[in-house]
1. Could you tell me which of rounded, prolate or oblate describes the range 171-245, using a ≥ b ≥ c as the square roots of the eigenvalues of the alpha-carbon gyration tensor, with rounded for a/c under 1.5 and, failing that, prolate when a/b is larger than b/c and oblate otherwise?
2. Tally Lys and Arg at +1 and Asp and Glu at -1 over the other residues with C-beta under 9 Å from the C-beta of M62: what net charge comes out?
3. Going Cα to Cα from K45, which lysines come in below 17 Å? Please leave out same-chain ones fewer than 8 positions away.
4. Going by the alpha-carbon gyration tensor, a ≥ b ≥ c the square roots of its eigenvalues, is the chain rounded (a/c under 1.5) or, if a/c is not under 1.5, prolate (a/b greater than b/c) versus oblate?
5. Of C90, C70, how do they rank once you tally other Cβ atoms within 10 Å and put the fewest first?
6. Given labels modelled 7 Å from the Cα in the Cβ direction, how far is it in nm from N104 to E27?
7. What nm distance separates the two modelled labels at K237 and D84, each placed 7 Å from Cα along Cα→Cβ?
8. Quick one: S201, S135, S91, fewest Cβ neighbours within 10 Å first, how do they rank?
Amino acid sequence: MRIKVLTLFPEIVKGPLDVSIIKNAQEKGLIDIEYINIRDFSDSKHKKVDDYPYGGGAGMIMTPQPIFDCYQAAIKDVMANNEDIRTIYCSPKGKVFNQELALNLAKEDSLIFICGHYEGIDQRVIDSLVTDEISIGDYVLTGGELPVAVIIDAVARLIPGVLGQEESFQEESFYSGLLEYPHYTRPYDFRGLEVPSVLSSGNHKEIEKWRRKKSLEITFERRPDLLENASLSDEDKKTLDFLKKHS
Ligand code: 4FV
């Protein structure tokens, strides 16, 4: 996957993506991330990229010219066959990011991210260039760089080959629409705290049943909203009926 990040602060986005799994994915050539500094495209003498908002109010708004010209330069090579390239802008007004949207973005060959900073960007950029306005949650940040790093991380790990099979995402939270069961590793007895015995029983069927029950319990407790869209077996429904009766 080819990713282009248009930003005033490339180092913020780059930092968390240049370590561990996502760093390896880049070295293996599974993803290619290019950072393009919007400021380099400013036509103004002092490379100005922001201005006061029309209508008044606090904070600065990123002006359209540097972003439009930066975008033009960025799409030049990816747009060779005039494909409709997904262009993502992060703001609290966007569609709330989740695993389903990550899986959907992971199917694309290329993605462009525009990072806003300060109060945000001129609406004309969003109306003309952005295909996906995405929020990572109901809070306000100083810039779109961290949300963009979050989205790239979540998307990149879904690309085949990025995770080894030991890190597979097939079983984890949200993949099946439920929260994940708890994990344990060695030692069996850590300062008197023991691992649930079923996990070392070697009985794979019982382990599977225990894990499913734990997933249902924690989802019921913390995120009952997720149960509405989860695919549930008759056995699962019995477990949930029991939990409802005893809560
Ligand atoms: C945000 C969020 C967010 C608003 C203006 C960046 C900031 C500034 N993005 N989820 N929450 N964005 O707070 O995605 O440009």
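1. Prolate is the answer for the range 171-245, as a/c is 1.5 or above and a/b outweighs b/c.
2. Residues close to M62 contribute a combined charge of -4.
3. none
4. Verdict is prolate for the chain.
5. C70, C90
6. A separation of 3.4 nm, rounded to one decimal place.
7. 3.9 nm
8. S201, S135, S91
FYI, it's all coordinate maths here, none of it is from the lab. Computed from a prediction, not measured in an experiment: that's the story for all the values here. All Cβ positions, glycine included, derive from the backbone under ideal geometry; neighbour counts span all protein chains shown.
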